[in-house]
Structures are given as C-alpha cells and as structure tokens.
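Only one structure is covered here, and it is reproduced in the block below.
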Amino acid sequence: MPVTFVLLWSTGFIGAKFGLPYAEPFTLLFYRMLLTLTCLAVLMAFLKPSWPASLRQALHLGVTGLLVHGVYLGGVFSAIEAGMPAGLTALVVGLQPLLTGVLAVLVFREQIGARVWLGLLMGLAGVVMVLGEKVAPDSAGLFDGFPLWAVFFALGSLVGISAGTLYQKRYCGNTDLITGAFVQYCAAAMAFGLLAVTLETMEVQWTPQLFFALGWLVLVLSLGAIGLLLALIRRGASAQVASLFYLVTPVTALEAWLLFDEQLGWLALFGTAITVAGVYLVMTPRALPRAASPAKTE
C-alpha cells in the first residue's frame, strides 16, 4: 500500500502540467471535484456505505476536505499555473513530513522518538539533494519567470496538507472511507466553485489532453491516491504516514527521467538513497516509543 501510494501521488504534478494550459486552476479543480463526486456517487449506490453518524462528524470531514483537497491542491495548481517550476513546488511541499512531525508534537502531543526525527531530517536532506542539481545552476535567478507570491501558494499548500493529515487522523478516524471522501470532496467542490466564479473566467479548452488530464486526476489521484492516503492515516502514526511524502519528489524525478529523458546526476541518486533510508527509519515500528497511556497508543 505505501509503495502504490507513492507511485500514484507522484503523478499529480504531471497531471497538473497536462491540464493547466487548457483551464484555469480553480476551474480545473472544480471540474475535477465534480467528476470525482460522480464516481463516488456510483460507488455508494452499489456499496451502500454508512454515512457520518452526526452533523459534527460531517463538519470535521468538511474541514479535512478543505485542508487536504482545497488548500493543498489549490496551492499547488496556482503555484504551477503562475509559472513556478514543478520541481521547486515539489521541493516546498516536500517539507510536509517535517512540518507534520512538529505539529504532531506541539498540537496533538504525539510522542515521536529521536530515531523518527533523524529519519525526517534525512528525508529532508535527500529531497534537497535530488532537486539541488536543478535549482543550483539558476540559483542567482531562482525567482525569474514567476512572481514571488507563487511561493506563498506553495507554502499554503504545505500547511494545508500537513494540517489536514493531522486533522484527519484526530477527528475522522472512525468514518467510512467512501462517504467520508464524498463529504470532503463536496466541501472542496464548493470552495473551488466559489473561487472559480469569483476570480476566474471559467473558460475551458476541451482538448484530448485536458480529457486525459482530468481522467488521470480523478481516477488515479482523487480516487486511488487519496483513498490510500486516508487508509494509511487510519493505520499509522501521523509522522510515519507523512514520511511517505519524502519519496514523492525522488519518484517524480525518476518519472521525469523515464518520460522526458531528464538526466539524474550522482547527487540526485545519492539524495534518493538518503531519502529512502530516512523513510525506512520512520516507518520501522520500533522507531516510535511506547505510548505512556492507552489514549496515545497508535
């Protein structure tokens, strides 16, 4: 499951690059949410899963949807649409495991041992190495070609996915995955619809490339990868789940090499190895200390 999640999640930037030339970011995400809700409605008609037990639980799911789908996806798509390189965007979002670890300690009092912190820092170092070769040659003009506010979109995306991961684990752990995802996507769809109507023209060029991008984003990302993410959050500690995001940047770099013949140097290969080792430290069960009380047991 973790390997499949990383492979699927890493294709999100590719889908965004395919679709954004033909639709504005919030408009594209609005249609993505509508198509995802349609697919989930069909699944629910056959499986008949249970709905949230209370309005309070549904509201928690809505908050998670706004964070994980709304803020995260909105920030990534807006940053890339503004001209920020996908690799640099991935590097910013790649800080998510470390931020999630810090938030887990400060906000939710999760117990994270020294071995987990070492793994998180190794993962961060590996991500920097992987993208270092692409960033370093143009470091003098790092922000050439896109506005500085694009960086704030990427940072907002980082905060959204980090806070959403913790919020999902804290308040939405006992909900059905299908109906829970449906409520989350409803909240995100309303947010993207409002933003698209208010800030964009909502003009769309319906090309084969856009249909492919939407199909990929809906079936592979919104249904496949997000479903795996929610299942992993339910099964593991927040820092362990977040550490998987460190693998996304190296895997994306490998995919770019396979698809677009982008060469990986020795520094990038070494960084990939460091990242994998860091994720191994975090994902190993003995890395987490025994909880002091049953209430903190993962």
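Ranked by solvent-accessible area (1.4 Å probe, protein heavy atoms only, all chains present), the residues TRP149, TRP9, TRP257 order from largest to smallest as TRP149, TRP257, TRP9.
Counting only protein heavy atoms and a 1.4 Å probe, tell me what percentage of region 1-139's accessible area is made up of carbon and sulfur. Of the solvent-accessible surface of region 1-139, carbon and sulfur hold 73 percent. Between LEU47 and PHE270, the contour length at 0.36 nm per residue exceeds the Cα-Cα span by 75.7 nm. Counting only protein heavy atoms and a 1.4 Å probe, region 12-123 has 42 square angstrom of accessible area per residue. At full extension, GLN205 and VAL105 could sit 31.4 nm farther apart than now, given 0.36 nm per residue minus the alpha carbon distance. Surface listing: SER50, SER162 arranged by accessible area from highest to lowest gives SER50, SER162, probe 1.4 Å.
The values are calculated or read from the model by the stated rules, or taken from the named source; none is laboratory data. The model shown is predicted, which means the values in this text are computed figures rather than measured ones. These area figures cover heavy atoms from the full protein model, side chains too; ligands, DNA and RNA do not enter into them. Shrake-Rupley method; radii C 1.70, N 1.55, O 1.52, S 1.80 Å.
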